[in-house]
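Worksheet: one structure, shown below.
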Amino acid sequence: MSRIYISAAHKSSGKTTLSLGLCAALHTSGLKVQAFKKGPDYIDPLWLAQASRGSCYNLDFNTMSNEEIIAKIGQHSQGIDISIIEGNKGLYDGVKVDGSDSNAAVAKLLQTPVVLVIDTRGVTRGVAPLLLGYQQFDRDINIAGVIFNMVGGARHERKLRGVVDMYTDIPVLGAVHKHKDLELVERHLGLMPINESELAVEKITKIATLVAQQVDLNRLLSIAESAPDVMITLDKKTRLHNVKPTSIARKLRIGICKDSAFGFYYQDDLEALEAQGADLIVINTLQDAYLPKNLDGLFIGGGFPETHMDELSANTSLRQEIHDAIEAGLPTYAECGGLMYLSDSLHWNDKILPMVGVIPAETTMHEKPQGRGYVKLEETEDMLWAGQSTCSLIQAHEFHYSKLNNLKKKGKFAFRVLRGTGITGDEDGWVYKNLLASYTHMRDTNRYHWAKRFVDFIKATSQLPLS
């Protein structure tokens, strides 16, 4: 279980760029690389998956138990040469003051050596007290190496290396100099999603080349190999995706809108749906004129419909098909961007265009977030999906710059918002016929197996014959 944790002193230090470069460079060298990302995040995992030529899985204290996080690492590190875990924000940063949900807490839980990325712009000798402070703050954290980023030149690099060698015992694994090819385009939710960038593969290749030239990959691999094995066997109640599907005569056909407008899906969720016997039928909302035939359900995830509103609106035949299918009772689940797409219209940058028109409200984009961070929900009596939730409190997250305006009282709400914003501030999960549409992003974990409940609801609604 060779593994390394890539963190930083603070956010925007360039750790995502370096993580991409490391994943791609090590893959190019012939190694099997498994990527992980700490926290709730869709965009970085898309890039990390492409760079490692595999899948990327999220590790999040908010939705997962400690045992599940360990099991996730163990499950997906089998047969892998190195696992690279990218943190979020700074090493000791988290929501809780005691740091129990920080990057350091994940590294400690997984007994994983940390490589600290330092943005060196405007600093030379000052890097020493910073590193010493990070070592002293928690002696249980193994800061096994440092990579300097945004280095200003050869003279700057020599000073940095000299200072670290003189005052600390932390190995310098590399010094990555400022370069235009290391710049990644960002927008309001972070990096531009890789599914929107036709040049993404070329970009990753350039980053990998620069990182391989300026980071000691062999020394990094040696540090990763020093990580002890941390295996845990989950009991039947907490096993990953411990939900046995009912045997049916045929697989469910669940349409999933997956394109450059809608790309926010957790890999775990897709695997959980498939584990329940679902075939995921990809729908391109920008190009497909019609829905696939014989769908049993529909899943529209989050994304950036606002940046594709012209194409989405122009695809009138698909909009009408989705509208009619939901009105006819097709079991549908929509999150955030999917919710926006199903509304009457989308308003952004002085432009208003019609959308699907199932949700009787106008979606308006704002300059500042309208809902951001972790949410806590309770189910109401109007929750559609079959069965009772295994937890009274649902922990998830939201991040949206849009808001529904003038929502007409046509539907009901599945959730009471105890923390967060949702649709109304107090409610989320708009229910109409067999549609559940929410600003909240769910994650299928042992705390809340939403995938099984959605599939069970589809089965009950469709009255599929059992084998």
Within the stretch 53-65, residues surrounded by fewer than 18 Cβ atoms within 10 Å (Cβ to Cβ) and under 18 Å from TYR374 (Cα atoms) come out as SER65
Of (1) in the same structural domain as LEU182 (by TED's automatic domain parsing); (2) at pLDDT below 95; (3) farther than 27 Å from PHE399 by Cα, ASN242 fails just (1)
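With respect to LEU116, is the statement that it is within 23 Å of VAL215 (Cα to Cα), in contact (Cβ under 8 Å) with a residue 40 or more places away in the chain and part of a helix (DSSP H, G or I) true?
Numbers: within 23 Å of VAL215 (Cα to Cα): yes; in contact (Cβ under 8 Å) with a residue 40 or more places away in the chain: yes; part of a helix (DSSP H, G or I): no.
Against the criterion (within 23 Å of VAL215 (Cα to Cα), in contact (Cβ under 8 Å) with a residue 40 or more places away in the chain and part of a helix (DSSP H, G or I)), LEU116 does not qualify.
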Of the listed residues (ALA25, ALA9), the one being on the phi < 0 side of the Ramachandran plot, out of contact with any His (no Cβ under 7 Å at 6 or more places or on another chain), modelled with pLDDT under 95 and not basic (Lys, Arg) is ALA9
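Results for (1) charged (D, E, K, R); (2) more than 26 Å from ASN405 (Cβ to Cβ), shown as yes or no for each residue.
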position	(1), (2)
PHE264	no, no
GLU274	yes, yes
THR307	no, no
ASP310	yes, no
Going through the stretch 144-163 in order, the residues found to be touching a strand residue (DSSP E or B) at 6+ places or on another chain (Cβ under 8 Å), more than 24 Å from LYS108 (Cα to Cα) and not hydrophobic (A, V, I, L, M, F, W, C) are ASN149, GLY152, GLY153, GLU157, ARG161
Would you call LEU131 within 29 Å of LEU160 (Cβ to Cβ), out of contact with any His (no Cβ under 8 Å at 6 or more places or on another chain) and surrounded by 18 or more Cβ atoms within 10 Å (Cβ to Cβ)?
yes
The stretch 398-467: strands (runs of 3 or more DSSP E) wholly inside it with 3 or more residues that are surrounded by fewer than 23 Cβ atoms within 10 Å (Cβ to Cβ) and not polar (S, T, N, Q) are 412-419, 427-432
Check the stretch 366-376 and report whether any residue there is surrounded by fewer than 21 Cβ atoms within 10 Å (Cβ to Cβ), at pLDDT 95 or above and more than 23 Å from the chain's Cα centre (by Cα). no
Looking only at the stretch 404-421, decide whether some residue is on the phi < 0 side of the Ramachandran plot and out of contact with any strand residue (DSSP E or B) (no Cβ under 8 Å at 6 or more places or on another chain).
-> yes
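Restricting attention to the stretch 331-374, report how many residues are among the aromatic types (Phe, Trp, Tyr) and under 11 Å from GLU306 (Cα atoms). Lay out the reasoning, then the answer.
Initial filter on the stretch 331-374 (among the aromatic types (Phe, Trp, Tyr)): 333, 341, 348, 374.
Keeping just the survivors that are under 11 Å from GLU306 (Cα atoms) gives 341, 348.
Counting residues in the stretch 331-374 that are among the aromatic types (Phe, Trp, Tyr) and under 11 Å from GLU306 (Cα atoms) gives 2.
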Quiz item: What about LEU393, is it modelled with pLDDT of 95 or more, surrounded by fewer than 18 Cβ atoms within 10 Å (Cβ to Cβ) and out of contact with any Phe, Trp or Tyr (no Cβ under 9 Å at 6 or more places or on another chain)?
Solution: no
Of those in the stretch 1-31 that are of a type in the set (Ser, Thr, Tyr) and assigned to a helix (DSSP H, G or I), the residue farthest from LEU116 (Cα to Cα) is THR28
Query raised in the report: Does at least one position in the stretch 21-37 carry a residue that is crowded, with 24+ Cβ neighbours inside 10 Å, outside the structural domain of TYR265 (by TED's automatic domain parsing), in contact with a Pro (Cβ under 8 Å, 6 or more places away or on another chain) and in contact (Cβ under 8 Å) with a residue 24 or more places away in the chain?
Result: yes
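Residue check: is VAL117 under 30 Å from ARG419 (Cβ atoms) and crowded, with 22+ Cβ neighbours inside 10 Å? Working first, answer last.
Working: under 30 Å from ARG419 (Cβ atoms): no; crowded, with 22+ Cβ neighbours inside 10 Å: yes.
No, not satisfied.
For (1) polar (S, T, N, Q); (2) part of a helix (DSSP H, G or I); (3) modelled with pLDDT under 95; (4) surrounded by 15 or more Cβ atoms within 10 Å (Cβ to Cβ), each residue gets a yes or a no:
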| site | (1), (2), (3), (4) |
| --- | --- |
| ASN195 | yes, yes, yes, yes |
| GLU198 | no, no, yes, no |
| GLN213 | yes, yes, no, no |
| LEU220 | no, yes, no, yes |
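Pull up the stretch 273-330, narrow it to residues that are without any contact (Cβ under 8 Å) to a residue 12 or more places away in the chain and part of a helix (DSSP H, G or I), then point me to the one that is surrounded by the most Cβ atoms within 10 Å (Cβ to Cβ). Outline the logic, then answer.
Applying the first criterion (without any contact (Cβ under 8 Å) to a residue 12 or more places away in the chain) to the stretch 273-330 yields 274, 293, 314, 316, 320, 324, 328.
If we keep only those that are part of a helix (DSSP H, G or I) too, we end up with 274, 314, 316, 320, 324.
Details: GLU274: 18, ALA314: 12, THR316: 11, GLN320: 13, ASP324: 13.
Once the filter is applied, the top-ranked residue is GLU274.
The values are calculated or read from the model by the stated rules, or taken from the named source; none is laboratory data. Predicted model, so just to flag it, every value in this text is computed and none were measured. So basically every Cβ, Gly included, is an ideal-geometry build from the backbone, and we count neighbours across all protein chains shown.
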